[in-house]
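S.K.: Here it is: the structure, laid out below.
Nothing in this text is a laboratory measurement; each read-out follows from the coordinates by a stated rule. Quick caveat: nothing in here was measured; it's all calculated off a predicted structure. FYI the Cβ positions are ideal-geometry reconstructions off the backbone, even for glycines, and counts take in every protein chain you see.
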Amino acid sequence: MSKRKQSFENINSKFTKQQKKVELLQELLHIRPDLKGKKVYFFPRLNKYFEGVLFYDAKEKKAYVYSVINDYKYETFSQWMVGLKNRGLYKGYRSALATIFLEPNPSGSSIGSILRSKSNSYWKVSTYTNIQDILSLIKRESLTGGKFMGTVIREISEGLELHFFNNKKKLEKKILIFAQSIFLSYKVWVFDQALKEVDLPFPVKAMKRTLDEISNLIQYVFSLKVCCGQSTVGM
């Protein structure tokens with residue numbers, strides 16, 4: 001077994017280059033100006049959320065998110081999430097696209113559904129999914145130009161196994177999705193270490209899930225950047 005120590009930090013993968021030009025919060029209110037003054041809900045876990053309020057400063061020509069729990073405004077969604085994490089309100093790393101919603105319901109519309117709705121209609125799906133729908137989604141999005149490009153899929157007797165490789169073509173991350181009819185559970189590994197549920201965006205136990213939730217889960221794991229030099233024990 002390798003003695004290398006790894007650490008994770010969340011990135012917004014497919015949108016990283018775009019966000020250097022337009023940050024997600026600014027882009028969201030540019031696309032949906034009707035959301036000014038509306039609430040958003042950050043779900044670090046499926047059964048826990050924090051409220052924020054979107055507002056636009058006309059003088060500065062800039063959007064902000066106001067955090068209700070700590071009475072503070074942030075310039076970006078990432079700053080808001082880090083601010084909550086630094087207060088000990090949750091652990092691990094989260095993707096804004098996958099975990100910030102327009103209503104207090106994680107099966108509702110996420111900010112990702114707005115920013116991606118033109119090219120990814122499946123983000124709108126709210127019915128419970130099955131293993132065949134998930135397989136079709138991954139096959140489509142693992143092709144060149146897809147948001148999970150380069151992901152390798154294996155069909156196993158219990159469900160699906162997804163492999164994610166680094167730039168050196170070495171296996172870096174893995175998801176196993178287990179299916180019992182429409183009841184789905186999963187496990188995630190980075191190298192030879194299984195991640196704890198506290199570090200994942202959704203509960204791992206077998207339950208009914210939407211295609212949107214599975215897509216968000218894959219996006220989360222796909223987005224994890226693995227670095228060397230710091231232990232992951234206790235993360």
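S.K.: Mind giving me the FRET efficiency for Val53 and Val198? R0 is 22 Å, r the Cβ-Cβ distance, nearest 0.05 is fine.
M.R.: The pair Val53/Val198 has a calculated efficiency of 0.20.
S.K.: May I ask you to list the trypsin sites (Lys or Arg not before Pro) in segment 151-192 that are in a DSSP loop and have at most 11 other Cβ atoms within 10 Å of their Cβ?
M.R.: Listed in order of number, the matching sites are Lys168, Lys169, Lys170.
S.K.: In the structure shown, do any of Lys91/Lys147; Lys36/Lys73; Lys168/Lys196; Lys48/Lys205; Lys39/Lys91; Lys39/Lys73 have a Cα-Cα gap over 19 Å, and if so which?
M.R.: Beyond 19 Å: Lys91/Lys147; Lys168/Lys196; Lys39/Lys91.
S.K.: Can you pull the one-decimal nm distance between simple spin-label points at Lys61 and Ile182, each 7 Å off the Cα toward Cβ?
M.R.: 4.9 nm
S.K.: Can you pull the one-decimal nm distance between simple spin-label points at Phe191 and Glu75, each 7 Å off the Cα toward Cβ?
M.R.: Roughly 3.5 nm, to one decimal.
S.K.: Please give, to one decimal in nm, the separation of the simple spin-label points placed at Leu171 and Lys36, each 7 Å out from Cα toward the Cβ.
M.R.: In this crude spin-label approximation the distance works out to 5.2 nm.
S.K.: Using every alpha carbon pair in segment 136-235, what percent of pairs falls into each 5 Å bin from 0 up to the bin containing the largest distance?
M.R.: Calculated over all Cα pairs of segment 136-235, the distribution is 2, 11, 24, 26, 20, 11, 5, 1, 0 percent.
S.K.: Counting just the Cα atoms, what span does segment 63-213 cover along each of its three principal axes? Round to the nearest Å and put the largest first.
M.R.: 50, 33, 31
S.K.: Let me ask something else about it. If r is the Cβ-Cβ distance from Gln132 to Met207 and R0 is 25 Å, what FRET efficiency results, to the nearest 0.05?
M.R.: Using R0 = 25 Å, I get an efficiency of 0.90.
S.K.: Students often check this: by mean Cβ neighbours within 10 Å, which of 56-63, 97-104, 205-212 ranks highest, and how do the rest follow?
M.R.: Taking the mean over residues of other Cβ atoms within 10 Å, the ranking is 97-104, 205-212, 56-63.
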